[in-house]
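Here the structure comes first, spelled out in structure tokens, and everything after it is commentary.
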Amino acid sequence: MKIAIIGAGSVGMSLGSGWMKAGHSITYGVREPQGTKARQLKVSHPGAEVTSNEEAATASDIIVLCTPWQTTEAAIQACGNLEGRTIIDATNPLKPDFSGLDRGYTTSGAEQVADWAKGAQVFKAMNQVGYAMMDNPKLAKGQKPVMFVAGDGNGKGKVLALVADLNFEAIDAGGITCARLLEPYALLWIHLALNQKLGVEFAFGILCK
Ligand SMILES: NC(=O)c1ccc[n+]([C@@H]2O[C@H](COP(=O)([O-])OP(=O)(O)OC[C@H]3O[C@@H](n4cnc5c(N)ncnc54)[C@H](OP(=O)(O)O)[C@@H]3O)[C@@H](O)[C@H]2O)c1
């Protein structure tokens, strides 16, 4: 699949590497396609394209948002017309000091993203673990991390398949309003990692009897 990754930071590069290993084509959308960071990205991610947000979005089957919350609206606007497109929203609507969520709990960042990206199908996913766990991490034998997907529309199947390609147990959590649960759940991961000193190399899983 052709995947546009908007925002080539920690999350964007980790997802890009993971999906390239799974055989997908990656186009990064960046703010300065001719800048130094873009040149470095081409060297560190050979095989990936690096261009503007709009060119990346237009050239791809699916668009993945990996931008800081504070610049996400601008990043979406720079993608151009997103009507009918499928978006994975990997952002978390964090306050700048990480002390809590800027959106919630009667709405969510994903619902805000859907409002900014008029006419697109928006799916919340890949926001629930740290970036170091996104690139097909090697876990103890038999373990598989869970990744919930929330959103509405017929694009959900391909989103679940892409999440599974990163070696997650991809679970359909329901419609877009379930992002109201998945964003605070991501905050729990951040709290455990940073405040409770669990480190960044863990993920949640589902155990069944
Ligand atoms: N870090 C994690 O472990 C983690 C895990 C799950 C979810 N998240 C969420 O994922 C998002 C990204 O986090 P991150 O840690 O990857 O942040 P990051 O390392 O700071 O990377 C953000 C990237 O977005 C780019 N960017 C900013 N505005 C842009 C725009 N308008 N158009 C295109 N690119 C733009 C930045 O590029 P410039 O060089 O132009 O600034 C930077 O490369 C956040 O919403 C975060 O809450 C993070």
- So, in nm, how far is label L139 from label A59 when the simple model puts each one 7 Å beyond its Cα toward the Cβ? 3.4
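With only alpha-carbon atoms in the gyration tensor, what are the semi-axes of the equivalent ellipsoid for the chain, in Å, largest first? Before the final figure, lay out each step's value.
On the way: eigenvalues 115, 80, 61 Å².
That gives 24, 20, 17 Å for the three semi-axes.
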- Item | Net charge of Cβ neighbours under 11 Å - reference K21; Lys, Arg +1; Asp, Glu -1 | -2
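Return the FRET efficiency for the residue pair A161, L198: r is the Cβ-Cβ distance, R0 is 30 Å, and the value is rounded to the nearest 0.05.
Efficiency at R0 = 30 Å is approximately 0.50.
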- Quick one: E183, E83, E55, E169, fewest Cβ neighbours within 10 Å first, how do they rank? E83, E169, E55, E183
- Among the lysines, which fall within straight-line cross-link reach of K141, defined as a Cα-Cα distance under 19 Å, with same-chain neighbours fewer than 8 residues apart omitted? K209
- Please find, in a Gaussian network model of the chain (springs between Cα atoms separated by less than 10 Å), the residue of T107, T86, T67 whose mean-square fluctuation is greatest. T107
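Restricting things to alpha carbons, find the Rg to Rh ratio for region 1-96 using the Kirkwood radius for Rh.
Working: Rg = 12.2 Å, Rh = 13.1 Å.
Reported Rg/Rh (Cα atoms, Kirkwood Rh): 0.93.
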- Tell me, in nm to one decimal, what length is gained between D97 and A22 on full extension, where the rule is 0.36 nm per residue of separation less the Cα-Cα distance? 23.5 nm
- Task: Note down the nm distance, to one decimal, between modelled labels 7 Å out along Cα→Cβ at E169 and at S10.
- Result: 2.6
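Please report V11, V163, V146 as a ranked list, fewest other C-beta atoms within 10 angstrom at the top and most at the bottom.
Details: V11 24, V163 21, V146 17.
By the 10 Å Cβ count, ascending: V146, V163, V11.
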- Potential extension, T107-C208 segment - 0.36 nm per residue separation minus Cα distance: 33.3 nm
- Task: Kindly provide log₁₀ I(q)/I(0) values, in the same order as q = 0.11, 0.24 Å⁻¹, from the Debye equation applied to equal alpha-carbon scatterers of region 121-209.
- Result: -0.30, -1.26
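Report, in listed order, any pair from K21/K197; K138/K158; K2/K118 with a Cα-Cα distance greater than 28 Å. Kindly include the intermediate steps, with their values, before the conclusion.
Details: K21/K197 31 Å; K138/K158 24 Å; K2/K118 21 Å.
Over 28 Å Cα-Cα: K21/K197.
With N set to the residue count of region 34-89, report its C-alpha Rg divided by 2.2 N^0.38 Å to two decimal places.
Numbers: Rg = 12.0 Å, N = 56, 2.2 N^0.38 = 10.2 Å.
Its radius of gyration relative to the 2.2 N^0.38 Å reference: 1.18.
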- Rounded to the nearest 500 deg cm²/dmol, what is the calculated helix-only ellipticity per residue at 222 nm for the chain, with -39500 (n - 2.57) per DSSP H run of length n ≥ 4? -10000 deg cm²/dmol
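Read-outs: derived from the displayed coordinates by stated rules, not from any lab. Note that the structure is a prediction, hence the values are computed from the model and not measured. Positions of Cβ are generated from backbone atoms using ideal geometry, with glycine treated the same way; all protein chains shown enter the neighbour counts.
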